[in-house]
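This report refers to the structure that appears directly beneath it.
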Amino acid sequence: MSEPPMLAEPPAGMRLHTGAPEGGLPYRLFVSEEATAARPHRLLVWLHPSGSDGLGLVEPLAADFARRGFALLTLSQKDFSGWRGADANRVMLKVVPDAARVPGVDARRPVLLGFSAGAQMALELWSARPDSFGGLVLLAGAPRFSRGNESAPPTGAAYTRVPLLSLVGSGDGNGPFLWLLALGSWCEAGVPLQMRVVPGRGHEWLLVKQSEQDAVLAWLAALPPTG
């Protein structure tokens, strides 16, 4: 089944800012009208799965994120067949700083929301520069990346300060087992990891059920403040 299209208009009570910084990528930024320079909302960066921009999945949640104090950033034009290091650099070094200039946006230590291949890129970014991020939400990802895996997480004080939330479908191959191993070894190393196994789901979009959306939104709302 095909995904729904991206939002044509921002939800009520929100502003839609678009940008295309030189050397970066075109993006869409959903910001609550209640967010101000004095009381900004934190930046939540969407990292798409392979083969899809995923905008029709995540953008309808923009208002829910805003109610928890987050501005949602998505990419509108890109090679969506996958992720490369150069793509991630354009996002973090060009797009995020450009979005930081939008009134009402706090882009210090953004939170990454990755789905499938996007979850793997989120882990790569966290592994390389943990101090740059305020948290990771990993949907249908795997606890493996170039610098570690489920039994060998990166170690150091910086990794203990970035909360991680992983959601994996109960039918997503050996994913639940690998995340269970990670829950033990990563938490032992001080990584603040939480995981949820979503019943009846495979390797797919896991926020279909309201209960899973609510769990992610509650986790985001409970993140320590930026600073």
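The values are calculated or read from the model by the stated rules, or taken from the named source; none is laboratory data. All values reported here derive from a predicted model rather than from experimental measurement. Glycine gets a Cβ as well: all are built from the backbone with ideal geometry, and neighbour counts include every protein chain shown. The area values use the complete protein model at the heavy-atom level, side chains included, leaving out ligands, DNA and RNA. Shrake-Rupley method; radii C 1.70, N 1.55, O 1.52, S 1.80 Å.
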Q: Go through segment 1-112 and tell me which strands (runs of 3 or more DSSP E), entirely inside it, have 3 or more residues that are modelled with pLDDT of 95 or more and of a type in the set (A, V, I, L, M, F, W, C).
A: 27-32, 41-47, 70-75
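Among the candidates GLY173, GLY156, GLY202, which residue alone is touching a helix residue (DSSP H, G or I) at 6+ places or on another chain (Cβ under 8 Å) and of a type outside the set (Asp, Glu)? Show your work before the answer.
On the way: GLY173 fails: touching a helix residue (DSSP H, G or I) at 6+ places or on another chain (Cβ under 8 Å); GLY202 fails: touching a helix residue (DSSP H, G or I) at 6+ places or on another chain (Cβ under 8 Å).
When all the criteria are applied, what remains is GLY156.
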Q: For ALA86, work out the one condition from (1) exposed (fewer than 13 other Cβ atoms within 10 Å of the Cβ); (2) touching a Ser or Thr at 6+ places or on another chain (Cβ under 8 Å) it doesn't fulfil.
A: (2)
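State all residues of segment 107-164 that are among the polar types (S, T, N, Q), surrounded by 19 or more Cβ atoms within 10 Å (Cβ to Cβ) and free of Cβ contacts under 8 Å to residues at least 60 places away in the same chain; if no residue qualifies, say none.
GLN120 - this is the single residue of segment 107-164 that is among the polar types (S, T, N, Q), surrounded by 19 or more Cβ atoms within 10 Å (Cβ to Cβ) and free of Cβ contacts under 8 Å to residues at least 60 places away in the same chain.
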Q.
Just the residues that are within 16 Å of the chain's Cα centre (by Cα), within 17 Å of PRO40 (Cβ to Cβ) and either surrounded by fewer than 18 Cβ atoms within 10 Å (Cβ to Cβ) or of a type in the set (Ser, Thr, Tyr) (or both), please, taken from segment 64-83.
A. ARG68
Q | Candidates ARG15, ARG42, filtered to the one that is open to solvent by less than 60 Å² (accessible area, probe 1.4 Å) and touching a strand residue (DSSP E or B) at 6+ places or on another chain (Cβ under 7 Å) | A | ARG42
(Q) Just to be sure I understand the filter: pairs with C-beta atoms under 6 Å, separated by 6 or more residues or on different chains, first member in segment 172-188 and farther than 20 Å from LEU206 by Cβ, second member hydrophobic (A, V, I, L, M, F, W, C) and in a helix (DSSP H, G or I). Which pairs pass? (A) none
